[in-house]
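The values are calculated or read from the model by the stated rules, or taken from the named source; none is laboratory data. Note that the structure is a prediction, hence the values are computed from the model and not measured. Heads up, the Cβs are rebuilt from the backbone with ideal geometry, glycines too, and the neighbour counts pull from every protein chain shown.
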Protein chains: 2
Amino acid sequence: MTTPNTVVNVGADLLADAVAEQAVPVTRVDWRPPMVGTEADLADVAADPRRRTANEQALAAMLDVTATLVDVAPASEVLGLQRGEFLHAGPPITWERASGPMRGALMGAAAFEGLVDDPEDAVALFESGANVSLEPCHHRSAVGPMAGITTPGMWVWVLEDQASGRRTYCTLNEGLGKVLRYGAYAPDVIERLHWLADVLAPLLQKAVRAAGPVDITGILTQMLQMGDEAHNRNRAGTLMTLRDLAPAMVTSGFDAPDVAQAMRFIGGNDHFFLNLAMPACKLALDAARNIDGSTMVVAMARNGTDFGIQVAGTGDEWFTGPSQQVDGLYFGDYGPDDANPDIGDSAITETAGIGGFAMATAPAIVRFVGGSVPDALNTTRRMHEITLGENPRWSVPVLEFQGTPTGIDVTKVCRTGILPQINTGMAGKLAGVGQVGAGLVTPPAEIFPKALARLAELAVSRTPS
Amino acid sequence: MTTPNTVVNVGADLLADAVAEQAVPVTRVDWRPPMVGTEADLADVAADPRRRTANEQALAAMLDVTATLVDVAPASEVLGLQRGEFLHAGPPITWERASGPMRGALMGAAAFEGLVDDPEDAVALFESGANVSLEPCHHRSAVGPMAGITTPGMWVWVLEDQASGRRTYCTLNEGLGKVLRYGAYAPDVIERLHWLADVLAPLLQKAVRAAGPVDITGILTQMLQMGDEAHNRNRAGTLMTLRDLAPAMVTSGFDAPDVAQAMRFIGGNDHFFLNLAMPACKLALDAARNIDGSTMVVAMARNGTDFGIQVAGTGDEWFTGPSQQVDGLYFGDYGPDDANPDIGDSAITETAGIGGFAMATAPAIVRFVGGSVPDALNTTRRMHEITLGENPRWSVPVLEFQGTPTGIDVTKVCRTGILPQINTGMAGKLAGVGQVGAGLVTPPAEIFPKALARLAELAVSRTPS
């Protein structure tokens, strides 16, 4: 870790206080013991001869991916979703254990799909479980922000790693406030989903097919030089996407008023690019899956009840714990009592080294998620303590172009007790409310020792006794 | 001045070195004597009872202006330019004293206007002086980047301060490289000027009239949170302008291929917004003109031979000295011997507190103009030493949202010897070459004592002896 703008202080607070009084920011690197009960597992994993090479391989595979936007298509076609199948954010969840915003989004999506006329009627449908099923987006190469509900009739962005042909998918962003992904299901929410599927998505399909492939990894490179961290600030990314697709939208043959409305919708939603950043991150991280011995995290995802991680060396297994409350800023009269715990697949951005990990490059975000500018700078520096390397394509100008901290290492998290920093939107905890704010959150600490235990078990099982 | 991330050190280098070794950035505030020969004038101006109030009034008037884009129109209509009249950047200049890029741009513009068939034939025309005349853009409420040549057939952005009805003007940006404003005049340069006048500008006129007024001051607010300093980085500003005008361009009735080509041209030129930033800055600064007793600079401009400033308390008088060589990065095989001295009205951005003054918010710019990231941060801090105040609408997130340093004070410059920092494009010194690089430059020091002397003279003349 380089610390160009700080004094590093270990232990003695006297010096730290003295320097702080001179108005120099001080990074207190609190040395902490490893997480309780992890010593033996840390030793077993450290002794695994495959670990170093496996982690180098995982990081390199991830950094090697260039995500390109190649198509926009109905989920029924490209994800093979059937009527009654619902994808959702996070690790697996049942209707019974689902939080308010997850239920609200499922209810709205059932109405959008025509399974019920009134979203309220969907409660009985999901309680019965007849002809409906829930499955994580991640199990179908997809990701979804907040509730992440994806159904056959919704259209999705199609991203491809041209070198391998692998693809990932994500729905189109609906905007902020009262929207399905935050658990809202009022008539205007459903109506907007129909406009997305009937007008915007087919128009974008034609534009992407004419103008693409669009280099989404490259747009992310530029965004990080333009004050976006690509989780809760996606302004520059949204504008660059509009720039890249606008000429082809104009010549698409669609009616001018529809094209103009589509441009107004995209330009009016600073978060539009989030749904491109997320599958780009997943596409990179999926390249690091299933590498025996690697302790690198390949997914962090929340369903509003559970927070789960997947690790390169442990296949498709989820290590889960309770989603945490978010600490942040609230819209209007909302307060902490109105907020649901952490939800959404969007922590895939932090898993890939941006979002909360790149807050140093987006100091203006503190006005949206809370915290201070020095906090934002220090967060990025701190994340270098728990990551395997830096991303040379995604750099932070204000930190003298240092690459973003990339490849969360389960052993480093357990050894330091430093948890990944996520910034996120906050959903109302009741179905139907929508967004109530945005803030900062971490995973539940216990999921990392759980993953470590499994990594240790696999390491030991491979070692001849 | 706040110094949240620095240790301030005056004098003794031992402490500074010790702290620097601990990797803390150190701002060495070199105390310097006032500029040579300015003591008596500084005393006279300091004794002027009008000064404080006049400067408060000048700064407030400037900060109160909101620049809105209201129209795009031919210069012949809105600037009253007649055939043979050429506006140029900087203080007044003759053909005889004009530099290579200024001459090249005049030659190309003469061909564009149809005064000659071949740009080379324009040399004789300008040498004879028959039926041609040169006048600064600033004398007609206009500004122009680099050579700044503006002729009757060129179209200009029209910006308005809605409160006062005052207006300023600037041509449309042609892109980078071989373009008229850098002194190039090859056939493709002239052809592009015709496309701007025949297609792009009339299309933008229709779009601006339908979608405007567009809040350019507000776009500048956003840009400063998106890594632009609005002189040599205008990426976010360009994208936001495209976003704001695109829907109205689509419904303008122009043919789809022309609309798509216009969008590609705007989106393909990250500097497109510069020609909106400049008149927005001039519109603000013009509100501070002609305030007796004010020592605030209201214009800095260069014609490629002379660098001139105008001051609030000294009317339309120019205080001039030789344009300096630019220190920076060169395109391709070009080097210092190929570069013309500093040229253009674009230093109006620094005069208004952005550009070089706001480099802290655009650290990525060091890859274009040279220098280091700490230099960029320190430059903004240093400019607070020579300015009257801060702009609450234009803030720098990484400096904890401190307002940009605004209102250059002639007395502070003379008292500290700190010169305004400008970043700028570099024109080839030979007519016809175009851009050769970009870098950093300051005004010639002697123009500030010259302005101070005049301010002192006026102060004394008002004081009963």
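Give the number of residues within segment A:234-283 that are closer than 21 Å to A:TRP394 by Cα, of a type outside the set (Asp, Glu) and more than 9 Å from chain B (Cβ to nearest Cβ).
16
Of a type in the set (Asp, Glu) and surrounded by 21 or more Cβ atoms within 10 Å (Cβ to Cβ), is that true of A:ASP333? Write out each step before concluding.
Numbers: of a type in the set (Asp, Glu): yes; surrounded by 21 or more Cβ atoms within 10 Å (Cβ to Cβ): no.
For A:ASP333, the condition - of a type in the set (Asp, Glu) and surrounded by 21 or more Cβ atoms within 10 Å (Cβ to Cβ) - is not met.
Have a look at B:GLU77, B:GLU39 and point out the one that is under 15 Å from B:ALA459 (Cα atoms) and without any contact (Cβ under 8 Å) to a residue 24 or more places away in the chain. Walk me through how you get there before you give the answer.
Values: B:GLU77 fails: under 15 Å from B:ALA459 (Cα atoms).
Result of the check over B:GLU77, B:GLU39: B:GLU39.
Can you run down the residue pairs with Cβ atoms below 6 Å, 6 or more apart or on separate chains, where the first is in segment A:246-263 and in contact (Cβ under 8 Å) with a residue 12 or more places away in the chain and the partner is among the basic types (Lys, Arg)?
A:PRO247/B:ARG264; A:SER252/A:LYS206
Among the residues of segment B:312-347, what is the count of those that are under 16 Å from B:ILE93 (Cα atoms) and in a strand (DSSP E or B)?
Qualifying residue count, segment B:312-347: 6.
Answer yes or no as to whether A:ALA352 is more than 14 Å from every other protein chain (Cβ to nearest Cβ), surrounded by 24 or more Cβ atoms within 10 Å (Cβ to Cβ), in contact with a Pro (Cβ under 7 Å, 6 or more places away or on another chain) and touching a residue at least 40 places away in the same chain (Cβ under 8 Å). Don't jump to the end; show me each part of the working.
Values: more than 14 Å from every other protein chain (Cβ to nearest Cβ): yes; surrounded by 24 or more Cβ atoms within 10 Å (Cβ to Cβ): yes; in contact with a Pro (Cβ under 7 Å, 6 or more places away or on another chain): no; touching a residue at least 40 places away in the same chain (Cβ under 8 Å): yes.
Judged against the criteria, A:ALA352 is not a match.
Could you say whether any residue in segment B:215-230 is within 21 Å of B:VAL70 (Cβ to Cβ), of a type in the set (Gly, Ala, Ser) and surrounded by 20 or more Cβ atoms within 10 Å (Cβ to Cβ)? Spell out the reasoning first.
Residues of segment B:215-230 that are within 21 Å of B:VAL70 (Cβ to Cβ), as a first pass: B:215-223, B:230.
Okay, now just the ones that are also of a type in the set (Gly, Ala, Ser), so B:218, B:230.
Next, only the ones that are surrounded by 20 or more Cβ atoms within 10 Å (Cβ to Cβ) stay: B:230.
Looking through segment B:215-230, at least one residue is within 21 Å of B:VAL70 (Cβ to Cβ), of a type in the set (Gly, Ala, Ser) and surrounded by 20 or more Cβ atoms within 10 Å (Cβ to Cβ).
Name the single residue that is farthest from the other protein chains (Cβ to nearest Cβ) among those in segment B:412-442 being among the small types (Gly, Ala, Ser) and part of a strand (DSSP E or B). Break it down into steps so the answer makes sense when it comes.
From segment B:412-442, those among the small types (Gly, Ala, Ser) are B:417, B:425, B:427-428, B:431-432, B:434, B:437-439; that's our starting set.
From the residues that got through so far, the ones that are part of a strand (DSSP E or B) too are B:425, B:427-428, B:437-439.
Details: B:GLY425: 19, B:ALA427: 26, B:GLY428: 28, B:GLY437: 20, B:ALA438: 16, B:GLY439: 18 Å.
My answer is B:GLY428.
Among the candidates A:ALA210, A:ALA184, A:ALA236, which residue alone is closer than 27 Å to B:MET263 by Cβ, of a type outside the set (Ser, Thr, Tyr) and buried (at least 18 other Cβ atoms within 10 Å of the Cβ)? Break it down stepwise before answering.
Values: A:ALA210 fails: buried (at least 18 other Cβ atoms within 10 Å of the Cβ); A:ALA184 fails: closer than 27 Å to B:MET263 by Cβ.
The unique qualifying residue is A:ALA236.
Counting residues that are closer than 30 Å to B:ILE365 by Cβ and of a type in the set (Gly, Ala, Ser), which helices (runs of 4 or more DSSP H) fully inside segment B:193-267 reach at least 2?
Those helices (runs of 4 or more DSSP H) span B:201-211, B:235-250, B:256-267.
Assess whether A:PRO279 counts as being part of a helix (DSSP H, G or I), of a type outside the set (A, V, I, L, M, F, W, C) and more than 12 Å from the chain's Cα centre (by Cα).
Numbers: part of a helix (DSSP H, G or I): yes; of a type outside the set (A, V, I, L, M, F, W, C): yes; more than 12 Å from the chain's Cα centre (by Cα): no.
Spelling it out, it is not the case that A:PRO279 is part of a helix (DSSP H, G or I), of a type outside the set (A, V, I, L, M, F, W, C) and more than 12 Å from the chain's Cα centre (by Cα).
State all residues of segment B:161-181 that are touching a Gly at 6+ places or on another chain (Cβ under 8 Å), at pLDDT 95 or above and surrounded by fewer than 17 Cβ atoms within 10 Å (Cβ to Cβ); if no residue qualifies, say none.
none
Just to be sure before I move on: is A:GLY304 within 18 Å of A:CYS137 (Cα to Cα) and free of Cβ contacts under 8 Å to residues at least 60 places away in the same chain in the structure I sent? Please lay out each step first, then the result.
Numbers: within 18 Å of A:CYS137 (Cα to Cα): yes; free of Cβ contacts under 8 Å to residues at least 60 places away in the same chain: no.
Judged against the criteria, A:GLY304 is not a match.
Right, B:ALA347: within 14 Å of chain A (Cβ to nearest Cβ), in contact with a Lys or Arg (Cβ under 7 Å, 6 or more places away or on another chain) and not charged (D, E, K, R) or not? So that I can check it myself, show each step before the final result.
Working: within 14 Å of chain A (Cβ to nearest Cβ): no; in contact with a Lys or Arg (Cβ under 7 Å, 6 or more places away or on another chain): yes; not charged (D, E, K, R): yes.
No, not satisfied.
Which condition number in (1) assigned to a loop (DSSP other than H, G, I, E, B); (2) over 18 Å from B:ALA73 (Cα atoms) is the one that B:PRO152 fails?
(2)
Taking into account only those residues within segment B:375-409 that are over 17 Å from B:ALA61 (Cβ atoms) and of a type in the set (A, V, I, L, M, F, W, C), which is nearest to the other protein chains (Cβ to nearest Cβ)?
B:VAL398
Against the condition touching a Cys at 6+ places or on another chain (Cβ under 7 Å) and at pLDDT 95 or above, how does B:PRO279 come out, does it pass? Reasoning before the result, please.
On the way: touching a Cys at 6+ places or on another chain (Cβ under 7 Å): yes; at pLDDT 95 or above: yes.
The answer is yes for B:PRO279.
Residues checked against (1) under 26 Å from B:ASP316 (Cα atoms); (2) assigned by TED's automatic domain parsing to the domain that holds B:VAL298; (3) of a type in the set (Ser, Thr, Tyr):
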{"position": "B:GLU56", "(1), (2), (3)": "yes, yes, no"}
{"position": "B:ALA73", "(1), (2), (3)": "no, no, no"}
{"position": "B:LEU81", "(1), (2), (3)": "yes, no, no"}
{"position": "B:PHE86", "(1), (2), (3)": "yes, no, no"}
{"position": "B:LEU134", "(1), (2), (3)": "yes, no, no"}
{"position": "B:HIS139", "(1), (2), (3)": "yes, no, no"}
{"position": "B:GLY144", "(1), (2), (3)": "yes, no, no"}
{"position": "B:THR151", "(1), (2), (3)": "yes, no, yes"}
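In segment A:126-146, how many are surrounded by 24 or more Cβ atoms within 10 Å (Cβ to Cβ) and β-branched (Val, Ile, Thr)?
Of the residues in that region, 1 qualify.
Name the pairs whose Cβ atoms lie under 9 Å apart, with the first residue in segment B:99-124 and crowded, with 24+ Cβ neighbours inside 10 Å, the second among the basic types (Lys, Arg) and not in a loop (DSSP other than H, G, I, E, B), and 6 or more positions between them or separate chains?
B:PRO101/B:ARG181; B:ALA105/B:ARG181; B:ALA122/B:ARG103
Scan segment A:156-166 and give yes if some residue there is in contact (Cβ under 8 Å) with a residue 40 or more places away in the chain, within 19 Å of A:ASN303 (Cα to Cα) and not in a strand (DSSP E or B), otherwise no. Break it down stepwise before answering.
Taking segment A:156-166 and keeping what is in contact (Cβ under 8 Å) with a residue 40 or more places away in the chain, we get A:156-164, A:166.
After this cut, where a residue has to be within 19 Å of A:ASN303 (Cα to Cα) as well, the list is none.
No, every residue in segment A:156-166 fails to be in contact (Cβ under 8 Å) with a residue 40 or more places away in the chain, within 19 Å of A:ASN303 (Cα to Cα) and not in a strand (DSSP E or B).
Of the residues that sit in segment B:366-401 and are in contact with a strand residue (DSSP E or B) (Cβ under 7 Å, 6 or more places away or on another chain) and under 18 Å from A:THR361 (Cβ atoms), which one is surrounded by the fewest Cβ atoms within 10 Å (Cβ to Cβ)?
Per the stated criteria, the residue is B:PHE401.
From the list A:ALA288, A:ALA260, exactly one residue is farther than 20 Å from A:THR66 by Cβ and of a type in the set (Gly, Ala, Ser). Which is it? Quick ask: steps written out before the conclusion?
Values: A:ALA288 fails: farther than 20 Å from A:THR66 by Cβ.
From the options A:ALA288, A:ALA260, the qualifying one is A:ALA260.
Restricting to segment A:125-162, give me the number of residues that are touching a Cys at 6+ places or on another chain (Cβ under 7 Å) and aromatic (Phe, Trp, Tyr). Write out each step before concluding.
Applying the first criterion (touching a Cys at 6+ places or on another chain (Cβ under 7 Å)) to segment A:125-162 yields A:142-144, A:148, A:150, A:156-157.
With the extra rule that they be aromatic (Phe, Trp, Tyr), the set shrinks to A:157.
Residues in segment A:125-162 being touching a Cys at 6+ places or on another chain (Cβ under 7 Å) and aromatic (Phe, Trp, Tyr): 1 in total.
So, in segment A:380-411, how many residues would count as being in contact (Cβ under 8 Å) with a residue 60 or more places away in the chain and not in a strand (DSSP E or B)? I'd like the intermediate steps shown before the answer.
Narrowing segment A:380-411 to residues in contact (Cβ under 8 Å) with a residue 60 or more places away in the chain: A:381-382, A:384-385, A:388-389, A:391-397, A:399-400, A:402, A:404, A:406-411.
Narrowing the set further to residues that are not in a strand (DSSP E or B) leaves A:381-382, A:384-385, A:397, A:399-400, A:410-411.
Summing the residues that are in contact (Cβ under 8 Å) with a residue 60 or more places away in the chain and not in a strand (DSSP E or B) in segment A:380-411 gives 9.
Given the condition of a type outside the set (Ser, Thr, Tyr) and on the phi > 0 side of the Ramachandran plot, answer yes or no: does some residue in segment A:309-316 qualify? It would help to see each step written out before you state the result.
Initial filter on segment A:309-316 (of a type outside the set (Ser, Thr, Tyr)): A:309-313, A:315-316.
After this cut, where a residue has to be on the phi > 0 side of the Ramachandran plot as well, the list is A:315.
Yes, there is a match, as at least one residue in segment A:309-316 is of a type outside the set (Ser, Thr, Tyr) and on the phi > 0 side of the Ramachandran plot.
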